1. Restricting the search to region A:49-63, which residues are part of a helix (DSSP H, G or I) and over 13 Å from residue B:254 (Cβ atoms)?
2. Go through (1) within 14 Å of chain A (Cβ to nearest Cβ); (2) modelled with pLDDT under 95 for residue B:356 and report which single condition fails.
3. Scan A:34, A:10 and give me the residue that is within 20 Å of residue B:447 (Cα to Cα), surrounded by 21 or more Cβ atoms within 10 Å (Cβ to Cβ) and within 14 Å of chain B (Cβ to nearest Cβ).
4. So residue B:266 ticks every box in (1) more than 10 Å from every other protein chain (Cβ to nearest Cβ); (2) within 30 Å of residue B:481 (Cα to Cα); (3) of a type in the set (A, V, I, L, M) but one. Which box is left unticked?
5. State yes or no: is residue B:157 buried (at least 20 other Cβ atoms within 10 Å of the Cβ) and more than 29 Å from residue A:108 (Cβ to Cβ)?
6. For a quick check of your reading of the model, give me the residue pairs whose first member lies in region A:36-49 and is of a type in the set (Phe, Trp, Tyr), whose second is surrounded by 10 or more Cβ atoms within 10 Å (Cβ to Cβ), with beta-carbon atoms closer than 7 Å and at least 6 apart or on different chains.
7. Hey, can you tell me all the residues within region A:67-98 that are surrounded by fewer than 19 Cβ atoms within 10 Å (Cβ to Cβ), at pLDDT 95 or above and not in a strand (DSSP E or B)?
8. Please indicate, with yes or no, whether at least one residue in region A:12-19 is more than 25 Å from residue B:206 (Cβ to Cβ), in a helix (DSSP H, G or I) and not charged (D, E, K, R).
Amino acid sequence: MSYELRSHTADVAVAATGDDLGETVAAVADGLAAAMCDEIPETGERFSLTVRAEGLEALLFDYLDQLIYERDVRGVLPVANEASVREAGEGWMVAASARGVPLADVTARDVKAVTYSEMRIEEADSEEPRSSSSRPEADDDGWEAYVVLDV
Amino acid sequence: MTTREFDGIQLERVREFVWEIPQEGDMRVPARVLASEALLDEIGGDKTLQQLKNATHLPGITGHALCMPDGHQGYGFPVGGVGATDVEEGCISPGSVGYDINCGVRMMTTNLTYDDVRGHEEELVEALFANVPSGLGGGGVVESGIDTVEAVLSRGVDWALEEGWAVEDDLTHCEDEGVRPDADPGAVSQKAKDRGKNQLGSLGSGNHFLEVQRVTDIYRDDVADAYGLEPDQVVALIHCGSRGLGHQTCTDYLRKIEKRHGDLLADLPDKELAAAPAGSELAEEYYGAMCACINFAWVNRQLIMHRVRQVFERVFDRSWESMDMHLLYDVAHNIAKKEVHTVQGEERELYVHRKGATRAFPAGHPEVPAAYRDVGQPIIIPGSMGAGSYVLRGGEASMDLTFGSTAHGAGRLMSRTQAKQEFWGETVQDELREQNEVYVKAQSGATVAEEAPGVYKDVDEVVRVSDALDIGDKVARTFPICNIKG
């Protein structure tokens, strides 16, 4: 799994890849942390979160939104994200965890919110974006995602 | 006819500084960009024009979708966007207000001159930085529980007055006297309130800042008189918004609309334009929630302003009242308001979405505070740390051309990622100090690099276009002395 911060006139975008959906969304979450902080120390306790949504894009949106919420109410920067994604009923679910670095330990900048602008989450190199009804099994090329964050 | 084309989007020159994208396909109205050739070249350089075209798809949009001279790519509606939708047959669009509801700017005047402050810059910037919370996790000017948040959401600056963080005069110099009567705190989620609890009275980061400035130029003596501005005078400028509470509120409604009005959303070219149909339950709820967030943002800026008064008292060893530290005005950048406008000879009530745009009502408009009704509403347009800021007044042509709106700033030119490659925070800080006598202090060096003067458009050019179109007329120019940011 890996992520890259990409240029955007006013905001910051994250492009991420992973072998499966869980790795991919966790990589986006690591990109979210990188957009807020350049040097991340080894401090902080891990915490867990579970998010459900009606589709894959909505799941990615809600997952990142929940991390931003946890950041503000816990006063921590969520880093070293781990996640697994599976279908749940009519929708999708992500079970995730992060290490919460106390904000007092870092010099961090605000990311205000996650946006749907130009959002993509799909199988790498696929001709057609995978619909939210298809199965999230890993294949050779893995998955990729792109998210614009409001700074 | 002069035409220009960017990435397949054609613009026709209507007259000087007015460019039109003609209506085609599913566009409900044409779009207009107000810009000089030089600014248009920059605006055409990213996805601004495509986003502006997309915005013309909003149900009930009236007249034109507009891009102000400082426009640039955002998400959904471009930044610098103005879109008016019918209150009865149109929609209200949280994505076209933006995440930072009532992000805005206020200016406070003083009776100090630049000479009074010289020699104290270092002390002043340190004291402001130490006393005005900024960055991530820096807390707020007040420690607030949920009851405080509720009171702020419903009562706005009235709450601050009661708690001793404002004086009557602050209310009479703020839009709506600092209180949106349509606010519905019950429509703001618990999650949003939880985020707002420890951020009341804080700058945040990104492009938000607090600046002490000096007036360098006066362009209209009579209006400057009415605004209490004179050459060499020291003023303070505060730029921030509704913090996590507002960001969460926009996010919440974007998702609610997506779930409940998926059919409407399916017809829009960008999910971030998510809109609730006029008259729907969600449209009413969002309007109430947004108005509550407007109150929160006003109180946020009020608390910071009052803290600045206290810092000045300590640094200059006299009372703030004796330094005549008065609120000049407070303008909102990200807002949708029910306003009455004349469209093709007919009076209509519209939701005027301003996303990175400033209301610019002219002299005589009943919604301009009594103190300024004879000269027009003050408009404050901040430039970068190394450029001037401007005070304008609402122009006579604004009601006809832009639903009473003008620009909100210099507008970004360069991405944050690129800025960090081109600039180094400490170098930017040193150069500003040595070449411009501007004292900058920030939580993060990266923020200084991301906000370096070179990443912004030419604010002089933005203001020149506003002035020439008579949507916002130049009154005064200011230049930074001290700047703090997150």
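1. Matches in region A:49-63: A:56, A:59, A:60, A:63.
2. With respect to (1) within 14 Å of chain A (Cβ to nearest Cβ); (2) modelled with pLDDT under 95, residue B:356 is out only on (2).
3. Only one candidate qualifies: A:10.
4. For residue B:266, the exception is condition (2).
5. yes
6. Between residues of region A:36-49 that are of a type in the set (Phe, Trp, Tyr) and residues that are surrounded by 10 or more Cβ atoms within 10 Å (Cβ to Cβ), the close pairs are A:47/A:97; A:47/A:98; A:47/A:100.
7. A:70, A:73, A:74, A:75 - these are the residues of region A:67-98 that are surrounded by fewer than 19 Cβ atoms within 10 Å (Cβ to Cβ), at pLDDT 95 or above and not in a strand (DSSP E or B).
8. No - not one qualifying residue is present in region A:12-19.
The values are calculated or read from the model by the stated rules, or taken from the named source; none is laboratory data. What you are looking at is a predicted structure, and each value in this text was computed from that prediction instead of being measured. Positions of Cβ are backbone-derived with ideal geometry, glycine not excepted, and every protein chain shown enters the neighbour counts.
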